[in-house]
Amino acid sequence: MSDIFPWRRQVKVPVPTTVKTQLIRHFSIGLLYPLNEEVMEYRRRSGLNPVPPTAHGYPEAAADIQTLIKAMKVDKKIGLDLDTMEYQY
Amino acid sequence: MADQYNSTETLTNPEKTRYSFFLGCVMPIKMPWAESAIMQTLPKFGVDLEYLKKATCCPRAGVWKSVDERVWLTLASYNLLQAEGDGRDVMASCNGCYVTLYEANKLLRENPEKLKEINGYLAETHTHYNASIRVRHLLEVLYEEVGVDRIKGESRKVPIRVALHPGCHMRIFEDGRLVRYFSELTCALVDEVVPYEDEQMCCGLQANLADRQFATYERAKKKFDALKALNIDALVIVCSGCYDQFERAVQILKKEIGYEFDLPIIHLAELLALSIGTSPDEFGMRYLRTAPVDSIIAKWESDRR
């Protein structure tokens, strides 16, 4: 195709602004909401372990998510540098 | 494994009731009262329940199907394989997480080539998914495995009037059974469930990604207006995604126009916990609420004296 249309370039559509922050959190901690001291205290008072047994308690899960995203080359597709967590477009 | 399933995922082996509870993003951070009520109450009804460990975002199928379907299937599989490794089925309370995981699981079970492709990506993390488990909603577990009759027999109604917010994704099945389960279970646990015109209206969560103003004022607020006119004690939900949107809308509306939505938003599992005599303080009912639940607790305490 590039031989026939040598000037054609792939259109890079940026991820919607409202989704960008969510994706950074998803790929950084594996989940959309971070855990903080206040939530940990309320979890204690609710009879729960302060750190939920999600990726919050297993940081290797977030690392696995980044590995999977890189394997699918989705980071390139959405223009997100997973090392700096900055969007290129 | 395929013969263990039928087309609607109805339980065909009633003895197998071992579940990994998928928490998702919202419940462990914003709804510890719901998480605690579920984890404390279901085992008392004979449900073998453990946490699904290492859970990550389900992820949002509504977003990823349109961007890249592989992400939806691979990240959903990453969650599902944690339960599969423990020899358990998955249980979800959030309608959104349920639909994401249920549909991914169904697609992968029916499409071996796709499953093979997804396992190619999972291999990068030294994991593998066989698609050998089921994904079940909390409502299915309560209604089909515990049963309304048993719940009625072992509980005492909480003396309050409530309205329901099922949420869009609860209507995943054409026969509408999840909505029926939600309604029948709640009716078994409270004095009165009050119907209202906007019961089926969306919370606005999906719209929030595109237009926060519309999601807040044309969806959540319209729902809140209708609910405030009912003179009820609480709005009952099971979906963490809907709760997330309602919580956000309550804050935005208060900040922008001084709008007060003082009706407590509670989870079905809290009613279940109260109905079998679990103290509100045992599952943290008073904390992290959009509105105080003191009046509900007072009515419950008065009835228990």
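The values are calculated or read from the model by the stated rules, or taken from the named source; none is laboratory data. Bear in mind the structure is a predicted one, so any value in this text is a computation, not a measurement. Reconstructed Cβ throughout: ideal geometry from the backbone, glycine too, with neighbour counts over all protein chains shown. Areas reflect the complete protein model, heavy atoms only, side chains present, ligands, DNA and RNA absent. Shrake-Rupley method; radii C 1.70, N 1.55, O 1.52, S 1.80 Å.
So what's the range B:16-139 giving for Cα Rg divided by 2.2 N^0.38 Å, two decimals? Numbers along the way, then the final one.
Numbers: Rg = 14.1 Å, N = 124, 2.2 N^0.38 = 13.7 Å.
For the range B:16-139, the normalised Cα radius of gyration comes out at 1.03.
Build a GNM of chain B with springs between Cα atoms under 10 Å: which of B:GLN40, B:GLN245, B:GLN213 gets the top mean-square fluctuation?
Per the Cα network of chain B with a 10 Å cutoff, B:GLN213 tops the list.
Cα axis of helix A:59-71 to longest principal axis of chain A: angle in degrees, 0 to 90, nearest 10?
10
Would you work out if the protein assembly as shown is rounded, prolate or oblate? Take a ≥ b ≥ c from the square roots of the eigenvalues of the alpha-carbon gyration tensor; rounded if a/c is under 1.5, else prolate when a/b is larger than b/c, oblate otherwise.
On the way: a/c = 1.83, a/b = 1.40, b/c = 1.31.
Because a/c hits 1.5 or more and a/b exceeds b/c, the protein assembly as shown counts as prolate.
Within 10 Å of each Cβ of A:68-76, how many other protein chain Cβ atoms are there on average? It would help to have the intermediate numbers written out before the result.
Details: counts 13, 5, 2, 8, 9, 2, 6, 0, 0.
Per residue, the average neighbour count from other chains is 5.
Using Cα atoms only, what is the angle between the long axis of helix B:95-110 and the major principal axis of chain B, expressed in degrees (0 to 90) to the nearest 10?
Roughly 20 degrees, rounded to the nearest 10.
Give me the dipole magnitude in Debye, nearest 20, for the range B:139-290 about the Cα centre, with unit charges on the beta carbon: positive for Lys and Arg, negative for Asp and Glu.
Details: 19 positive and 25 negative charges, 79 e Å.
It comes to approximately 380 debye.
Which angle between 0 and 90 degrees, to the nearest 10, do you get for helix B:294-304 versus the longest principal axis of chain B when only C-alpha atoms count?
90
For the range A:17-79, rounded, prolate or oblate, judged on the Cα gyration tensor with a ≥ b ≥ c (square roots of eigenvalues), a/c < 1.5 rounded, else prolate if a/b > b/c? Working shown, then result.
Working: a/c = 4.82, a/b = 2.05, b/c = 2.35.
Judged from the Cα gyration tensor, the range A:17-79 comes out oblate (a/c at least 1.5, b/c at or above a/b).
Does the range B:148-304 come out rounded, prolate or oblate by the C-alpha gyration tensor, with a ≥ b ≥ c the root eigenvalues, rounded set by a/c under 1.5 and, if not, prolate when a/b is larger than b/c and oblate if not? Walk me through the numbers on the way to the answer.
Working: a/c = 2.06, a/b = 1.37, b/c = 1.50.
Oblate, since a/c reaches 1.5 and b/c is not below a/b.
To the nearest 20 Debye, how big is the dipole of the protein assembly as shown about its Cα centre, given +1 on the beta carbon of each Lys and Arg and -1 on that of each Asp and Glu?
Details: 50 positive and 54 negative charges, 128 e Å.
That gives a dipole near 620 debye.
Among B:VAL148, B:ASN111, B:THR125, which residue has its Cα positioned farthest towards the positive end of the charge dipole of the range B:108-176, with +1 placed on the Cβ of Lys and Arg, -1 on the Cβ of Asp and Glu, and the dipole taken about the Cα centre?
B:VAL148
Chain pair B, A: how much accessible area is buried, both chains summed, with a 1.4 Å probe, in Å² to 100? It would help to have the intermediate numbers written out before the result.
Values: alone 13240 and 7060 Å², together 16960 Å².
Using a 1.4 Å probe on protein heavy atoms, the buried area is about 3300 Å².
In chain B, which cysteines lack any other cysteine Cβ under 4.7 Å from their own?
Cys with no partner Cβ under 4.7 Å: B:CYS25, B:CYS57, B:CYS168, B:CYS187, B:CYS202.
What residues does the range B:273-305 have that are buried by at least 20 Å² of accessible area in the full protein assembly compared to the chain on its own, 1.4 angstrom probe?
The answer is B:TYR287, B:LEU288.
State the percentage of accessible surface on the range A:17-79 attributable to carbon and sulfur atoms; use a 1.4 Å probe and exclude ligands, DNA and RNA. Can you show the working numbers first?
Values: 1490 of 2820 Å².
Taking all protein chains in place, the range A:17-79 shows 53 percent carbon and sulfur surface.
Any idea of the accessible area per residue across the protein assembly as shown, 1.4 Å probe, to the nearest Å²? Numbers along the way, then the final one.
Values: 16960 Å² over 394 residues.
Ligands and nucleic acids excluded, the result is 43 Å² per residue.
Taking the range B:77-196, how much of its Cα-Cα pair set, in percent, is spaced more than 18 angstrom apart?
Numbers: 4273 of 7140 pairs.
Within the range B:77-196, distances greater than 18 Å cover 60 percent of Cα pairs.
Roughly speaking, to the nearest percent, how much of chain B's 1.4 Å accessible area is carbon and sulfur?
47
Quick one: grab Rg to one decimal and Dmax as a whole number for chain B, Cα atoms only, in Å.
Taking only Cα atoms of chain B, I get Rg and Dmax of 19.3, 61 Å.
Long-range amide H contacts for B:MET91: which residues qualify at under 5 Å (H placed 1.01 Å from N, peptide plane, sequence gap of 5 or more or a different chain)?
Counting only residues 5 or more places away or on other chains, the set is B:SER20, B:PHE21, B:PHE22, B:ARG136.
Taking springs between alpha-carbon atoms closer than 10 angstrom, which of B:HIS137, B:HIS126, B:HIS169 fluctuates most in the Gaussian network model of chain B?
The residue that fluctuates most here is B:HIS126.
Checking buried surface per residue: for the range B:20-55, which residues lose a minimum of 20 Å² accessible area in the protein assembly relative to the chain alone (1.4 Å probe)?
B:LEU23, B:CYS25, B:PRO28, B:ILE29, B:LYS30, B:PRO32, B:GLU35, B:SER36, B:TYR51, B:LYS53, B:LYS54, B:ALA55
Expressed in nm to one decimal, what extension gain is obtained for the pair A:TYR89 and A:ASP3 from 0.36 nm per residue of sequence separation less their Cα-Cα distance? Mind dumping the intermediate values first?
On the way: separation 86, 0.36 × 86 = 30.96 nm, distance 2.69 nm.
Taking A:TYR89 through A:ASP3 to full extension adds about 28.3 nm, to one decimal.
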